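The values are calculated or read from the model by the stated rules, or taken from the named source; none is laboratory data. Predicted model, so just to flag it, every value in this text is computed and none were measured. Please note: Cβ atoms are built from the backbone with ideal geometry, for glycine as well, and neighbour counts cover all protein chains shown. The protein model used for the area step is the full one, side chains on, heavy atoms only, and it has no ligands, DNA or RNA in it. Shrake-Rupley method; radii C 1.70, N 1.55, O 1.52, S 1.80 Å.
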Amino acid sequence: MLANFADAAGLFFNYQIFLAIAFGTLLGLVFGSLPGLTATMGIALLLPLTFGMEPVTGIGMLLGVYCGAISGGSIPAALLNIPGTPSSVATTLDAFPMARNGEPGRALGLCIVSSFVGGLISVAVFAFMSPVVADVALKFSAIEYFALGLFGLTIIASVSGDSIIKGLVAGLIGVLISLIGIDSLTGMVRLTAGIPELIGGVDFMPALIGLFALSQIIRDVTSDDAMLNTEKKVRVSNAYPRVRETLSKWKVWLSSSLIGAIVGAIPGAGGSIASFLAYDQAKRMSKTPEKFGKGTPEGVVACESANNGMTGGALIPMMTLGIPGDASAAILMGGLLIQGLQPGPMLFQEQSNIAYGIIIAFLIANIFMFSFQSIGIKLFVRVLQIPRSYLMPFIMVMCILGSYGISGTLSSAWILLFFGVFGYFLNRFGFSAAPVVLGMILGYMVESNFRRGMTMFEGDWTIFFTRPISLTFLILSALSIGLPLYQRYRKAQKARQLKASEA
């Protein structure tokens, strides 16, 4: 394997490869930081430019977009409570409170370093563990996807804020929203209220932008100090990558990056699930779980490590099996086919120099991503010095344009408006938007795969408990629900004993 890397390194004596990767990464950061402009859109935009390029140069530029966009989503998530990409939703839980507490530079610094660390680990997993991870991902069927989705739903307790009951209600609302549209198994239209635009379901990105971006704008506009300049609260001098602080959380970023790489390798799972799973795991590992959601560094490190850890994982089934891990990887696979490369096991044998060259290009893209963000961090933080009377209208316009650009119809703008108002009232009555998003992501996945699994095995529900991967996730789901309840019971019991002894 090392010999293959040495041969592939010879392809990088051409400076054009580095320029292409740098350009792709910079464009990816822009796409990731603007709501609605996702990594998938950025890769699709640059795909035609790769036609006349050498394979490693063209794919390297697309990988730059991929890495840059996933990491760039943390910029508005941390500073404005607006996730630039769906995988940045969990980042808002602690990065934005940290920024609101007067430490936007620290929040961004943790995001930058965590993204880089997660990216490096994903490169290592991609390079050395591809066959093993791909083999596990290939064993996923409807049974395993149901169990994974069910395990994901148990995370609602970790992202519910102060009230688990309100979190569960919000999660159920998200699940209900995910069921709107055509039933994939029967073809029946459900829960559309007679609105034709909802037959295809609720567009996720406009809903996401509305829940976080538009609702935040409404809260800021209606608050007493909404139009005050925030210059006094922003410490630009403290805006730099937090390398030492991030590395001190090595247990968090190591476990989160591995979670991201593994979940990313499961086709269709996506970065949102990876980041929420990593956040939940970090909260369980922490000695101070009560600080999560209030600006704790562990929460930021976990989410961003998982986000970029997911990128390498998503490339594993694409390169080794010809099965893309997510929508962005699907377009990347199209780029490989355009270059005359056939993804699959034979790619690493017949064209090993190109295959290993792509891995090296992926590493370089992560280095460029870290470099560009490190250079621009002070500029990013200065966004908070812009008076809100100027900033809010600009964000509003970008949200509308981003939502409209997803489908090219006004229905996306209406979805944005509805979920913006809905998100505002959620926050006003003490509900968190994160469980709603989690329910929207996982609700349809759980429901459809449960029914599909029952159909495949003729109604035999015991199949969910006889397959190893499915059983593992179900056990984890039970532990995820049972352990917090047991801990709460023990805590209450000790409190009663203490009170009795004092009496």
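Please list, ordered by first then second residue, the pairs with beta carbon atoms under 6 Å, 6 or more apart or interchain, first in the range 30-49 and in contact (Cβ under 8 Å) with a residue 40 or more places away in the chain and within 9 Å of Ala69 (Cα to Cα), second assigned to a helix (DSSP H, G or I) and charged (D, E, K, R).
Final answer for the pair search is none.
To keep it simple, each residue is scored yes or no on (1) among the hydrophobic types (A, V, I, L, M, F, W, C); (2) closer than 22 Å to Thr38 by Cα.
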{"position": "Ala355", "(1), (2)": "yes, no"}
{"position": "Ile364", "(1), (2)": "yes, yes"}
{"position": "Ser371", "(1), (2)": "no, yes"}
{"position": "Val383", "(1), (2)": "yes, yes"}
{"position": "Cys399", "(1), (2)": "yes, yes"}
{"position": "Gly402", "(1), (2)": "no, yes"}
{"position": "Ile415", "(1), (2)": "yes, yes"}
{"position": "Phe418", "(1), (2)": "yes, yes"}
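State yes or no: is Ile75 under 16 Å from Cys111 (Cα atoms) and part of a helix (DSSP H, G or I)?
yes
Among the residues of the range 335-345, count how many are over 22 Å from Gly72 (Cβ atoms) and either in contact with a Leu (Cβ under 7 Å, 6 or more places away or on another chain) or part of a loop (DSSP other than H, G, I, E, B) (or both).
The total comes to 7.
May I ask you to verify whether Gly109 is farther than 30 Å from Phe473 by Cβ, touching a residue at least 12 places away in the same chain (Cβ under 8 Å), of a type in the set (Gly, Ala, Ser) and part of a helix (DSSP H, G or I)?
Yes.
Keeping to the range 2-29, report how many residues are within 27 Å of Leu214 (Cα to Cα) and open to solvent by 70 Å² or more (accessible area, probe 1.4 Å).
Going through the range 2-29 one residue at a time, the tally reaches 1.
Which one of Leu426, Leu438, Leu442, Leu471 is among the aliphatic types (A, V, I, L, M) and either over 27 Å from Ala95 (Cα atoms) or more than 23 Å from the chain's Cα centre (by Cα) (or both)?
Exactly one residue qualifies, and that residue is Leu471.
Looking at the range 138-155, can you tell me whether even one residue there is open to solvent by 40 Å² or more (accessible area, probe 1.4 Å) and at pLDDT below 75?
yes
Here is a list of conditions, (1) open to solvent by 50 Å² or more (accessible area, probe 1.4 Å); (2) in contact with an Asp or Glu (Cβ under 7 Å, 6 or more places away or on another chain), and Gln385 meets all of them except one; can you say which number that is?
Result: Gln385 fails condition (1) only.
List the helices (runs of 4 or more DSSP H) inside the range 392-496, counting only whole elements, that have at least 3 residues being open to solvent by less than 80 Å² (accessible area, probe 1.4 Å), hydroxyl-bearing (Ser, Thr, Tyr) and in contact (Cβ under 8 Å) with a residue 12 or more places away in the chain.
Output list reads 410-428.
Looking only at residues that are without any contact (Cβ under 8 Å) to a residue 60 or more places away in the chain and either in contact with a Gly (Cβ under 7 Å, 6 or more places away or on another chain) or not in a helix (DSSP H, G or I) (or both) in the range 346-375, which one is nearest to Gly322 (Cα to Cα)?
Of everything passing the filter in the range 346-375, Met346 is nearest to Gly322 (Cα to Cα).
Kindly provide the set of residues from the range 317-357 that are aliphatic (A, V, I, L, M) and more than 15 Å from Ile59 (Cα to Cα), ordered by number.
Leu321, Ile323, Ala327, Met346
Quick check on my filter: what residues within the range 59-79 are closer than 19 Å to Val301 by Cβ and either among the hydrophobic types (A, V, I, L, M, F, W, C) or surrounded by fewer than 24 Cβ atoms within 10 Å (Cβ to Cβ) (or both)?
Once the filter is applied, which keeps residues that are closer than 19 Å to Val301 by Cβ and either among the hydrophobic types (A, V, I, L, M, F, W, C) or surrounded by fewer than 24 Cβ atoms within 10 Å (Cβ to Cβ) (or both), the range 59-79 yields Cys67, Ile70, Ile75, Ala77, Ala78, Leu79.
Here's the yes/no breakdown for (1) over 21 Å from Leu79 (Cβ atoms); (2) free of Cβ contacts under 8 Å to residues at least 60 places away in the same chain; (3) polar (S, T, N, Q); (4) surrounded by fewer than 21 Cβ atoms within 10 Å (Cβ to Cβ):
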site	(1), (2), (3), (4)
Lys249	yes, yes, no, no
Ser257	yes, no, yes, no
Gly264	yes, no, no, no
Ser272	no, no, yes, no
Thr288	yes, yes, yes, yes
Val301	no, no, no, no
Leu315	yes, no, no, no
Ala327	yes, no, no, yes
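From the list Arg451, Arg467, which one is farther than 21 Å from Leu179 by Cβ and among the charged types (D, E, K, R)?
Arg467
Among the residues of the range 125-132, are any over 30 Å from Ile360 (Cα atoms), assigned to a loop (DSSP other than H, G, I, E, B) and not hydroxyl-bearing (Ser, Thr, Tyr)?
no
Among the residues of the range 34-52, write down those that are in contact with a Gly (Cβ under 9 Å, 6 or more places away or on another chain), open to solvent by 30 Å² or more (accessible area, probe 1.4 Å) and either among the hydroxyl-bearing types (Ser, Thr, Tyr) or assigned to a loop (DSSP other than H, G, I, E, B) (or both).
The answer is Leu34, Leu37, Phe51, Gly52.
Please go through the range 89-148 and pick out each residue that is within 16 Å of the chain's Cα centre (by Cα) and among the small types (Gly, Ala, Ser).
Once the filter is applied, which keeps residues that are within 16 Å of the chain's Cα centre (by Cα) and among the small types (Gly, Ala, Ser), the range 89-148 yields Ala90, Ala95, Ser114, Ser115, Gly118, Gly119, Ser122.
Here is a yes/no grid of residues against (1) in contact with a strand residue (DSSP E or B) (Cβ under 8 Å, 6 or more places away or on another chain); (2) modelled with pLDDT of 85 or more; (3) more than 23 Å from Gly439 (Cα to Cα):
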site	(1), (2), (3)
Ala213	no, no, no
Ala226	no, no, yes
Ala239	no, no, yes
Arg244	no, yes, yes
Lys249	no, yes, yes
Gly268	no, no, no
Ile273	no, no, no
Arg284	no, no, no
Val300	no, yes, no
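Is there a residue in the range 172-179 that is touching a strand residue (DSSP E or B) at 6+ places or on another chain (Cβ under 8 Å), modelled with pLDDT of 80 or more and open to solvent by less than 80 Å² (accessible area, probe 1.4 Å)?
The answer is yes; a qualifying residue exists.
Identify all residues within the range 343-353 that are modelled with pLDDT of 80 or more and more than 16 Å from Ser130 (Cα to Cα); write none if there are none.
Scanning the range 343-353 gives a single hit, Asn353.
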